[in-house]
Amino acid sequence: MKRILITAATAALAVTMLAGCGSQPAPTEPFEPQRKEEVEGIFFTEGMIQWEKNSTVTLVQKEKDGEWIKEDTKVAEWKISPDCILDDTVWIIESDDASSLYSKLGSSFKNKKATVRMLFGKVGEIKDSTVGQKEDGTPRLEFNSNATCDLIFECEGNKLLFEGAKFNGGYVYEDGTAELKIDYGQGEGLLSVPSNIRKGDMDNFKNFLPSETDKIKQASDNYISLVPFDNLPTFKATSSNVKDGVWDDKITNTKHGENISPELSWEAVEGASQYVVIMIDAQWLHMDVFTTETSIAEGAIGRGEKGAQYVGPYPPSGTHTYSVFIFALKDDFEKANLYFDSGLNSLEKIFKGLDSDKNGNTGNVIAYARLDGNYTHKD
C-alpha cells in the first residue's frame, strides 16, 4: 500500500507540472511605499508649566496591506497652554540633593535634603514662547517672564526667605520637567522643577515662613549655629534695644551710636545664685557682667573691669550677629575665660570655665538664655 500511495503521488505531481507548462503566472506589480500625514496633539496638564504641542506625523506603509509605521515627526506648534496660570499660586519642591535644585548652590549642599516653597504674585499669561533646544540637542520650549516670586529655601533645619525674587522665564521639556530663571539678588540661576511638583496653598507658604532667628541667620555673616551646651534647659531674655532682630544704633561703638550698654531682662532661674552675661560676636567679646539681678538697665555698664565691662558693636564690614548669652550658675565658677574686646574667645572654653565651680565640680551652669541681634556696617 505504501508503494501505491507513492506512485499516485508522483503521478499527481507530473500532471500538475504538465498542466503548468502551457501558461505563466501574471507578474506581481512592485509595491510602492505609501505615506500619509496625521496631526498629533499632546496636552501636558501636569506640573507647574502646562503646555500643548501639535505635530505633523508622517506614516509609511512598506508592504501592501502592511502596518503603518511612524517615519518622521515634525513639530508644527509648541506653546505654553492658556490654562497655565501661575498668579497667586504656591508650589512645593522636595529634593534629596539640594545642590541639584539651584545652579548657584555649591557642592556643600550635595546629598542634603531640601525643600523649596514658591509663591507667585501677578504673572499673567506667558505668550512669547519659542521652540529651542538644550546644548545636547534636547528639545525644549523657551519662554520669558517679567514677574516676581517669593521663595523659602529650607535645608537641614535652616530656612532662607527670598522676597521679590525675579522670575525671568525658563525652559520646559517634553517630560514635564522645567528650569526657571530666578534671580534673588545674587545673579540669575536655574531652579530645577520636577514634573511631579506639588501644588500647595497660602497656608503651606505662611506656615513655613522663617522665624526671627532664621532671618537673623540669613542676614548674618557670622551667626553662631552650634553651641556646646544646647542640651541644657533654657530661659527667656529680652531687650528693648533689639527690634526685629536688629540692635539699636545707640548701643554701637560707631559714629552712628552712643556706645551705651543695652537694656536686658530675663527670667529668674530657680537654684541660681548668680548670672554671667556676655555679648559675643563669633569670638569677639563685647560685654561681660557678673550679677545676682535679673535685669541690667540701659547704659549701666561701661568700659570697666572684668565682670562689669562693655564696648558696643563695631563691625568692620557686612552684617554681624551680636549674641547675648546669660548663664545661670549654682555657685561661684572656677575660671572666667573671658578676653574683653578681643577675638581670642572661645564659647566652649567660656562655658567650661563657668560650668566648673570653685571646687572643680562640673554641672555648675543650670540653664542659659540667648538673645541675638544683627548690626550692619555703615559708612
For the residue pair Ala297 and Lys349, what label-to-label distance in nm results when each label sits 7 Å from Cα along the Cα-to-beta-carbon direction? 3.5 nm
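Taking only DSSP H segments of four or more residues, each worth -39500 (n - 2.57), what value at 222 nm results for the chain once the sum is divided by all its residues, to the nearest 500 deg cm²/dmol?
On the way: 4 runs with 41 residues, N = 379.
Counting only the DSSP helices, I get -3000 deg cm²/dmol.
Given Cα pairs under 8 Å that are at least 6 residues apart, what percent is the relative contact order of region 190-282?
Working: 54 pairs, mean separation 21.1, N = 93.
Computed value for region 190-282: 23 percent relative contact order.
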Cα coordinate range in the chain, projected on the principal axes (Å, largest first): 132, 60, 33
Sequence order, region 336-344: Karplus ³J(HN,Hα) from phi using 6.51 cos²θ - 1.76 cosθ + 1.60, θ = phi - 60°, Hz rounded, Gly and Pro as x, gives 9, 7, 10, 10, 5, 6, 9, x, 9
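So what's the projected area for region 34-80, the Cα convex hull averaged over all directions, in nm²? Intermediate results must be reported in sequence, preceding the final value.
On the way: hull surface 14.7 nm².
Average projection, Cα convex hull of region 34-80: 3.7 nm².
Checking a compactness column here: for region 313-363, what do you get for Rg(Cα) / (2.2 N^0.38 Å), N being the number of residues? Write down the numbers at each step before the final one.
Values: Rg = 13.6 Å, N = 51, 2.2 N^0.38 = 9.8 Å.
It is 1.39.
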Given a Förster distance of 51 Å, the FRET efficiency implied by the Cβ-Cβ spacing of Val75 and Asp221, rounded to the nearest 0.05, works out to 0.55
Tell me, what is the FRET efficiency for Ser265 and Leu190 to the nearest 0.05, using R0 = 56 angstrom and their Cβ-Cβ distance as r? 0.70
Set the Förster distance to 41 Å, then compute FRET efficiency between Asp379 and Leu232 from the Cβ-Cβ distance, nearest 0.05. 0.50
Using the charge dipole of the chain (Lys, Arg: +1 at Cβ; Asp, Glu: -1 at Cβ; taken about the Cα centre), state which of Asn359, Phe167, Thr238 has its Cα farthest towards the positive end. Phe167
How large are Rg and Dmax for region 200-286 when calculated on the C-alpha trace, in angstrom? 16.4, 51
Put in order of increasing Cβ neighbours within 10 Å, starting from the fewest, Trp247, Trp68 give Trp68, Trp247
Once the convex hull of the C-alpha atoms of region 90-209 is built, how many Å³ does it hold per residue, rounded to a whole number? 113 Å³
Result row for the chain, helices from DSSP H with C-alpha axial extent 20 Å or more and mean Kyte hydropathy at least -1.0, is 2-20
Can you sort Cys149, Cys84 so the residue with the fewest Cβ neighbours within 10 Å comes first? Cys84, Cys149
Distance between region 164-236 and region 60-110 - C-alpha centres, whole angstrom: 24 Å
In a shell of Cβ-Cβ distance under 12 Å around Ser240, excluding Ser240 itself, what net charge do Lys and Arg (+1) and Asp and Glu (-1) give? -1
Taking a crude spin-label model, label points 7 Å out from Cα along the C-beta direction, the Glu135 to Glu94 distance in nm is 3.2 nm
Defining a contact as two alpha carbons under 8 Å apart and six or more residues distant in sequence, what relative contact order in percent does the chain show? 11 percent
Peptides ranked, highest mean first, by Cβ atoms within 10 Å: ranges 270-281, 72-83: 270-281, 72-83
Asp201-Val57 pseudo-label distance in nm [points 7 Å out on the Cα-to-Cβ vector]: 4.0 nm
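FYI, it's all coordinate maths here, none of it is from the lab. Predicted model, so just to flag it, every value in this text is computed and none were measured. So basically every Cβ, Gly included, is an ideal-geometry build from the backbone, and we count neighbours across all protein chains shown.
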